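Here is the structure we will look at, set down as structure tokens.
Only the coordinates and a few stated rules stand behind these numbers; no lab work does. From a predicted model like this one, the values you see are computed outputs, not experimental measurements. Ideal geometry is used to build each Cβ from the backbone, glycine not excepted, and the neighbour counts take in all protein chains shown.
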Amino acid sequence: MKLWSVEQKKYTSIDNKKYETLFTLANGYRGLRGQLEFTKLGQKGNFIAGIFDKSSAQVTEIVNLQDPILLNIYIDDEIIDMEQCKVLAFNRRLSMLEGVLYTAIELETRKGKIINLKCERFVSRNNVHRWAAKYEIVPVNFTGKVFFESVIDGTVTNSSQDPMNLAKHFNVDEIFDVKPGIGLKSSTFDKKISAVETTRLLADNDFGNIFKSRKYNMLAEKAREVYSSILTQGELYTVYKLGVSFTSRDKIKNITEESKKELDAFTVDGYEEEKEAHKAVWQSIWNDIDIEIHGDDEAQVGIRFNLYQLASSAYEGDEKISIAAKGLHGEGYKGHIFWDTETFMLPFFIYTRPKVAKALLMYRYNTLQGARKNAEISGFKGARYPWESADEGLEVTPKWGFDYDGKPVRIWTGDEEFHINSDITFAIFEYYRATGDKDFLINYGLEILLDTTKFWQSRVEYNKKEDRYEINGVIGPDEFHEHVDNNVFTNFLAKWSIKKALDLVQWIKKEDALVLKKLCNKLSLNELDFKAWETIEKKMYIPTSKDGKLIEQFEGYFNMPSIEITKFDENGMPEWPDFKGLKIAETQLIKQADVVQLMIMLGEEFSDNVKKENYKYYEKRTMHKSSLSPSMYSIMGITVGDTHNAYKYFMKTVLTDLKDNQGNTDFGIHSASNGGSWQTAIMGFGGLSVDKDEVLNLKPWIPKHWDEMNFNINWRKTRIYVSIRQDKIVVKATNSSKVKIYNDEYNLKKDEEITVTR
Ligand code: BGC
């Protein structure tokens, strides 16, 4: 159990927000932050994927909806409150295996009454509309009146603790009595998306129902039912709170009626039955995703935590939603979707749960209209995906924010971070390569590819003097440097993507010429455009050092003062070096992996030597001020044989939230870092790559103190099981497949297990 759990052993209200993030329960459809019922301190959150609103906020943001979780327990007239009571015992544990949050507390009221509470909560994976909590209560030293008050709170706002940004995003339209049970229906201001929450309290002990009387109220924007009961000292009582949620996005006629019906059905099924079904779904998810690490418990729990959060954040049943940078775990980054999804999280889904990967890519297809609009309003053609995306694919990056010292700064990423277009096309090919899903490529991927290439065609600039194409005035992955010219990450990926589009055009001509014809009509393209693309692709400028050994992150980068990192903090993270009076942007210090990330994404395009030289150069200059960075250096470190840092960076990544090492876990989970953890384990330690001939390669290396690492992946409808030990590697496949292990080719027969000794 220990290796499947995350625990909080001590209560300190200052940590409430962090634990609410860590203990968020989500099923991809919705996320409920892990707030403790018995305190008002924290930042509660109920997010349903795809529900965004702007109204009075700075930009469109994910809506923090009405809170259905509240349960107040009163002993006589005293409310149980962590801050008012003496905490005699405390433990919270997230079982990642089951997807259940367990809380055990014993509290003494100011009047000296002691109550023992064991609580459970889950957000169902079996039926995404259901969630539930169970409370086992023992009055330790008293017999007397106890009230249970269940509330659905419609007063929730976004940014409740940030006075300048506080915003309410919904109207409370209806509060109703479900007799028993309560309901609250809301609708967002801008688009009138409705969401209804209904809940019902049930109680049980050996004699059946323990409630004596019930009262229902509507209190302004709150729905409330309260029950009284008389509890006897030492007896165990159980109370359940069952919850059901529907929204107008569910395409159901009358969501209020539907939710009442569903609440009845849930009552009939019962808490325990739903919990079992929920656990069974998690079990099957774990069969797909688990990575076992033997010999390092911290790494084992750490990696599982990241896999758990990724799987919790995705829902294949809706192709109009994607995973936000902070998952469904908080309001950070306003619930926006970044390149984090395609470049960090998607590989995990492609190789473990390809249906989810497809749904995530479909989100980009379904937001193409927005991307076209972005291109148009910035004076370009084709499709320009937004740096930050919400429900429509329109650019929603805020224009203003605050720097590290709290000073207002203009945010340029939404204007300049163009590489998002090729991050998406890159992901399409990653998906296609691993799944062979032709239908997706032809019907959706192709259109994205053609329209984003059309954007590049209008965005590149021809430099006549040098006879080359350039992309100027951009921001690459390293966001310390803005308005730069010819960022290699941007140019190289654009070039790669244009080449892929051209190859695809040739391919589809043979495969289904009519499809191309129709798309050319739809997107206003013709052979002359394809000719132009060829020239742009050939002449795209890729800056390097004079001797050609180093990739120059952007034009002029090597002319800037070189300041290297020499000191590290107690977590092994770089400390700011002395800038010698310069601004960061005037130095070679970079925020996060940039060139190194490119060499990982397009590994087959760079020689081992180029990788090694560039890794060495950029590592000394990377501040890792984004959680997206350490994983990339871990993978590249292993690839180039600099394994001594690989473990450090891996642990940095897997513990990003568990140790809160970026200092902002309060605001949501670091989803990209969740994905980076998987990539480091599989592509770093597992040494998984796909070569130019599209053969799967494994070149594993695991840290000395690990006994073994086991995982499985999906590769073209075949499941491949890999077990890496210090002295050997064992591989098995469910269909005959070709695999290279340390460069030697093996033709695996169906279900045959092969062992390769090192
Ligand atoms: C990083 C970006 C990332 C964003 C959201 C920023 O700090 O620099 O690369 O997409 O956070 O996670």
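Computed values, structure above
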| quantity | calculated |
| --- | --- |
| Proximal lysine pairs, region 1-107, alpha carbons under 21 Å, eight or more residues apart or interchain | 18 |
| Spatial separation of Cα centroids for region 120-159 and region 325-390, in angstrom | 34 |
| Subset of Lys495/Lys699; Lys499/Lys704; Lys500/Lys612 violating a 32 Å alpha-carbon distance limit | Lys499/Lys704 |
| Protection-proxy order for peptides 366-378, 519-531, each taking the mean of Cβ atoms within 10 Å per residue, highest first | 366-378, 519-531 |
| Computed lengthening from Asn72 to Asn254, 0.36 nm per intervening residue step minus Cα-Cα distance | 62.5 nm |
| Partners for Lys192 among aspartates and glutamates (Cα-Cα distance below 17 Å; same-chain residues under 8 apart left out) | Asp53, Glu61, Asp173, Glu174, Asp250, Asp391, Glu392 |
| Cβ-placed point charges (K, R +1; D, E -1), dipole of region 287-346 about Cα centre in debye, nearest 20 | 360 |
| Region 262-302 shape via C-alpha gyration tensor axes, a/c threshold 1.5 | prolate |
| Ordering of 478-487, 268-277, 458-467 by packing [mean C-beta count within 10 Å, highest first] | 478-487, 268-277, 458-467 |
| Chymotrypsin sites (Phe, Trp or Tyr not before Pro) within region 540-599: DSSP coil, no more than 16 neighbouring Cβ in 10 Å | Phe579 |
| Region 516-586-region 716-740 distance, computed between alpha-carbon centres (Å) | 36 |
| Cα-based shape type of region 199-279, given that a ≥ b ≥ c are square roots of the gyration tensor eigenvalues and the cut on a/c is 1.5 | oblate |
| For the chain: relative contact order, % (alpha-carbon pairs under 8 angstrom, 6 or more apart) | 11 |
| Difference of contour (0.36 nm per residue) and Cα-Cα distance, Tyr746 to Ser458 | 99.1 nm |
| Contour minus Cα-Cα distance for Asp691 and Lys215 (0.36 nm per residue) | 164.6 nm |
| FRET efficiency, Thr755 to Asp403 (Cβ-Cβ, R0 56 Å, nearest 0.05) | 0.55 |
| Prolate/oblate/rounded label for the chain (Cα gyration tensor, a/c 1.5) | prolate |
| Helix-only CD estimate at 222 nm, as mean residue ellipticity for the chain, using -39500 (n - 2.57) per DSSP H run (n ≥ 4) | -9000 deg cm²/dmol |
| FRET efficiency for Trp576 and Cys520, using Cβ-Cβ distance with R0 set to 41 Å, rounded to 0.05 | 0.20 |
